[in-house]
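The values are calculated or read from the model by the stated rules, or taken from the named source; none is laboratory data. Everything quoted here is computed from the prediction, not taken from an experiment. FYI the Cβ positions are ideal-geometry reconstructions off the backbone, even for glycines, and counts take in every protein chain you see.
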Amino acid sequence: MVTTRAERRLAAIMAADIVSYSRLMETDEAATLAAIKSLRAEVIDPLLNEHNGRVVKLMGDGALIEFHSVVDAVACAVAIQTRVAAHQSEAPAERRIVFRIGINLGDVVVEGDDLFGDGVNVAARLEQLCPPGGVLISGTAYDHMKGKLSLPIDFAGAQKVKNIAQPVRTYSVRMQGGKRGWSLRTRRVQRFLPMAAASLI
């Protein structure tokens, strides 16, 4: 019996989701979907193209994206958060689309167009620890991009994350004009699943 060896590669992974997606959809599904599609067309997709990001999978409330460069991944994440905030500035606060973004650099398992493994899992866990509008970076990712981007970044502690044996060093990008107005919080972690309804398309 021949055993097929899994293909692996090193990748920078961005995990992103929409804050309070269920509430937004329950309040006004049509308006929420229209706002998300507008953000994708006008902000997110152009930035992914500019930074060579590849969408691995989409979920109803988020996405998993692969980059060859962690510098590109972090630059793209900061640009997304900055431009999404500007794009949504005139919307009522309760109707704004706000993202959380986690970034990790790690070894991933490749199956067709999909990616699996701890490299992906850590990014997903960091995204779910990240406060609204923020960007949370793993220590491994930070070590590779340190000094390559002019960004205010703070050490956010070593975080214990589900299914990962060792605590993960984390670093947060100071958003909103350099004011760090938020802190890490604990959220229930869910796995990334294949998209059942392509509401982000």
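Out of Ser20, Ser38, which single residue is hydroxyl-bearing (Ser, Thr, Tyr), under 20 Å from Val78 (Cα atoms) and out of contact with any Asp or Glu (no Cβ under 7 Å at 6 or more places or on another chain)?
Just one listed residue meets the conditions, Ser38.
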Which numbered condition Ala41 fails, given (1) surrounded by 15 or more Cβ atoms within 10 Å (Cβ to Cβ); (2) free of Cβ contacts under 8 Å to residues at least 60 places away in the same chain: (1)
Right, Asp107: modelled with pLDDT of 95 or more and over 16 Å from the mean Cα position of the chain (by Cα) or not? no
Can you work out which of the residues in segment 58-104 that are under 18 Å from the mean Cα position of the chain (by Cα) and free of Cβ contacts under 8 Å to residues at least 40 places away in the same chain is nearest to Lys146 (Cα to Cα)? Ala79
With the structure loaded, tell me whether Ala35 is assigned to a helix (DSSP H, G or I), under 15 Å from the mean Cα position of the chain (by Cα) and of a type in the set (Gly, Ala, Ser) or whether it fails that test. no
Quickly run through segment 11-32 and pick out the residues that are out of contact with any helix residue (DSSP H, G or I) (no Cβ under 8 Å at 6 or more places or on another chain) and exposed (fewer than 15 other Cβ atoms within 10 Å of the Cβ). Ser22, Arg23, Glu26, Glu29, Ala30
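Every residue, every condition in (1) surrounded by fewer than 17 Cβ atoms within 10 Å (Cβ to Cβ); (2) modelled with pLDDT of 95 or more; (3) not hydrophobic (A, V, I, L, M, F, W, C), yes or no:
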position: Pro46; (1), (2), (3): yes, yes, yes
position: Leu58; (1), (2), (3): no, no, no
position: Leu64; (1), (2), (3): no, yes, no
position: Val74; (1), (2), (3): no, yes, no
position: Ala77; (1), (2), (3): no, yes, no
Sort through Ser69, Ser138 and tell me the only one that's touching a Lys or Arg at 6+ places or on another chain (Cβ under 8 Å), buried (at least 16 other Cβ atoms within 10 Å of the Cβ) and not acidic (Asp, Glu). Ser138
Looking only at residues that are surrounded by fewer than 24 Cβ atoms within 10 Å (Cβ to Cβ) and within 27 Å of Ala34 (Cα to Cα) in segment 115-128, which one is farthest from the chain's Cα centre (by Cα)? Gln128
Complete set of residues in segment 82-110 that are touching a strand residue (DSSP E or B) at 6+ places or on another chain (Cβ under 9 Å) and either surrounded by fewer than 23 Cβ atoms within 10 Å (Cβ to Cβ) or of a type in the set (A, V, I, L, M) (or both): Val84, Ile97, Val98, Ile101, Ile103, Leu105, Gly106, Asp107, Val108, Val109, Val110
Looking only at segment 141-150, count how many residues are aliphatic (A, V, I, L, M) and crowded, with 18+ Cβ neighbours inside 10 Å. 2
Just to be sure, is Leu184 part of a strand (DSSP E or B) and either modelled with pLDDT under 90 or in contact with a Leu (Cβ under 6 Å, 6 or more places away or on another chain) (or both)? no
